[in-house]
Structure formats: structure tokens, C-alpha cells
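**Student:** Take this structure, written in C-alpha cells, and hold onto it; I'll ask about it next.
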Amino acid sequence: MSAVRIPPVLRASTGGAKNVEVDGATVGEVLDRLVATYPGLASQLLTPDGTLSSFVNVFLNDTDIRHLDALATPIGARDSLVLLPAMAGG
């Protein structure tokens, strides 16, 4: 299982959990299972058609998945995934 770090803005949807363990062979599979386990995350991470929102940055071991194979990026049991939704304010 891979560790997924949940930022404070998304923790209400995970019952306050800062980190969750999710199984999957690719980043996309991990995100699919994360949303299946915590349905409240779907509207914050995904577009209506189910793709990753352009306002969400996903890092695998400190590397943006956009610089890897995006959602097809393989993920291992010791890997860490960090979700960072864009924030607005001023």
C-alpha cells in the first residue's frame, strides 16, 4: 500500500486523517481507490468526467506526476503521494 498525504483543506473528507494507506499499481488506481473510500474527495480532486482536476497538483516522492507518466505513473508500496489543491486568497 502507498501512503497518501492529505492536506488540511481536504481532511474533513477523510475524517481528519492526515495520511491514509491506499493500494494500487499506478497513481490513477490509487486516486480511484482513495475517492471510492472517501467519496467527499471526488468533487475536490476530479472533474465531472472523472479526470484529475487541473487545479490539483499530485506529487509522487516529491516529483510532480506531470513530469512523469501522469496518472499512469507506477507507484510502489514504499512510495508517498502528496495531494496539493490550488488555493486562492489574498
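The values are calculated or read from the model by the stated rules, or taken from the named source; none is laboratory data. Values in this document were obtained by computation on a predicted structure and should not be read as measured data. Heads up, the Cβs are rebuilt from the backbone with ideal geometry, glycines too, and the neighbour counts pull from every protein chain shown.
**Student:** Among what's in the stretch 27-55 and is surrounded by fewer than 17 Cβ atoms within 10 Å (Cβ to Cβ) and among the β-branched types (Val, Ile, Thr), pick the residue that is modelled with the highest pLDDT.
**Tutor:** Restricting to residues being surrounded by fewer than 17 Cβ atoms within 10 Å (Cβ to Cβ) and among the β-branched types (Val, Ile, Thr), the top hit is Thr37.
**Student:** What's the number of the condition Ser13 fails, among (1) of a type outside the set (A, V, I, L, M, F, W, C); (2) in contact with a Pro (Cβ under 9 Å, 6 or more places away or on another chain); (3) part of a loop (DSSP other than H, G, I, E, B)?
**Tutor:** All conditions are met except number (3).
**Student:** Turning to a different aspect of this structure: Would a scan of the stretch 1-9 turn up a residue that is within 13 Å of the chain's Cα centre (by Cα), touching a residue at least 60 places away in the same chain (Cβ under 8 Å), farther than 14 Å from Leu84 by Cα and surrounded by 12 or more Cβ atoms within 10 Å (Cβ to Cβ)?
**Tutor:** yes
**Student:** Would you pick out the residues in the stretch 56-78 that are in contact (Cβ under 8 Å) with a residue 60 or more places away in the chain and either of a type in the set (Val, Ile, Thr) or surrounded by 16 or more Cβ atoms within 10 Å (Cβ to Cβ) (or both)?
**Tutor:** Ile75, the sole residue that qualifies.
**Student:** While we're on this one: Could you check, for the stretch 67-78, whether at least one of its residues is closer than 20 Å to Ile6 by Cβ, in contact with a Lys or Arg (Cβ under 9 Å, 6 or more places away or on another chain) and not in a loop (DSSP other than H, G, I, E, B)?
**Tutor:** For the stretch 67-78, residues closer than 20 Å to Ile6 by Cβ, in contact with a Lys or Arg (Cβ under 9 Å, 6 or more places away or on another chain) and not in a loop (DSSP other than H, G, I, E, B): absent.
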